[in-house]
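As structure tokens, the structure follows; a few thoughts come after it.
The values are calculated or read from the model by the stated rules, or taken from the named source; none is laboratory data. It should be emphasised that the depicted structure is a prediction, and the values quoted were computed from it without experimental measurement. With ideal geometry, Cβ positions are generated from the backbone for all residues, glycine too; neighbour counts draw on all protein chains shown.
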Amino acid sequence: MNKDKKDSNIRKLLSYSKKYIKYQKLPIILSPFLLIVSVLSPFLIKYLIDEIIGKNNFSKILPFIFIFIGVVFLERVISFFVNYGYYRATNFSARDEQIYMFKKIQKMPLKDYSQNKVGDFMSRVLSDTLEISFFLGTGISVILYNIIQLIFVSGVLLFLNWKLALITFAMIPFYYFSLRAFDKSLQKSSHSERKAFSELTEEFREKVEGLNSIKSFCKEIFFFK
């Protein structure tokens, strides 16, 4: 039951995040080039071992070094712009979600204000939107990139050494079950953290609002101890 609910929530979140694809154009365009360039490195190392070191053909070592440095440099440059695109999309989605959340709070019925603390509202606007904005701003492009990367990397591993590739693939179930084992504890920790942040925000708001009165009666030590 919980698994079905969780899957349903993920599908809804993915559907909702489609509106933020407009912010992900840069990483979507550059990610395939980053993948292609990153795949070149193991083939270059294979060429170094087999053709240069293995055959004592050290006359090619200097051109190889320049080519390898060029490939690594190009990979770093593309990676920089991809990461920049991800951070930019995350910030824009966080901004839009915070504006949307604030407008929604303004339209809430008066009875809902009395049933919730102001710290809860502030926690939703300031903290929760930032947590979810990373998925909203990068979720679809990252998922597509990881799927394509898995296919490319698997193909390269099988081409270079299929036996070592099978050993690597055999470790995937252990990785999956280890994530599942920590999933519930991570959710509980996240819930506790959100609750603590909400209480902290509420306490901070109360003390800031009453700061003039506290200082007027010289009660700083009592309230801030």
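Overview of results
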| quantity | calculated |
| --- | --- |
| Subset tally (residues that are among the β-branched types (Val, Ile, Thr) and in contact with a Ser or Thr (Cβ under 7 Å, 6 or more places away or on another chain)) for the range 6-46 | 1 |
| The range 165-183, residues that are aliphatic (A, V, I, L, M) and either part of a helix (DSSP H, G or I) or touching a Cys at 6+ places or on another chain (Cβ under 6 Å) (or both) | 165, 166, 167, 170, 172, 179, 181 |
| Meets criteria (within 19 Å of the chain's Cα centre (by Cα) and either at pLDDT below 85 or basic (Lys, Arg) (or both)) for residue 13 | yes |
| Positions within the range 52-61 being of a type in the set (D, E, K, R) and surrounded by fewer than 12 Cβ atoms within 10 Å (Cβ to Cβ), in sequence order | 55 |
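Listed here are the residues, each with its yes/no results for (1) touching a residue at least 24 places away in the same chain (Cβ under 8 Å); (2) surrounded by fewer than 16 Cβ atoms within 10 Å (Cβ to Cβ); (3) more than 25 Å from residue 139 (Cα to Cα).
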| residue | (1), (2), (3) |
| --- | --- |
| 32 | yes, yes, no |
| 50 | no, yes, yes |
| 63 | no, yes, yes |
| 77 | no, yes, no |
| 89 | yes, no, no |
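Here is a yes/no grid of residues against (1) modelled with pLDDT under 80; (2) of a type outside the set (Gly, Ala, Ser):
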residue	(1), (2)
121	yes, yes
134	yes, yes
142	no, yes
149	no, yes
169	no, yes
181	yes, no
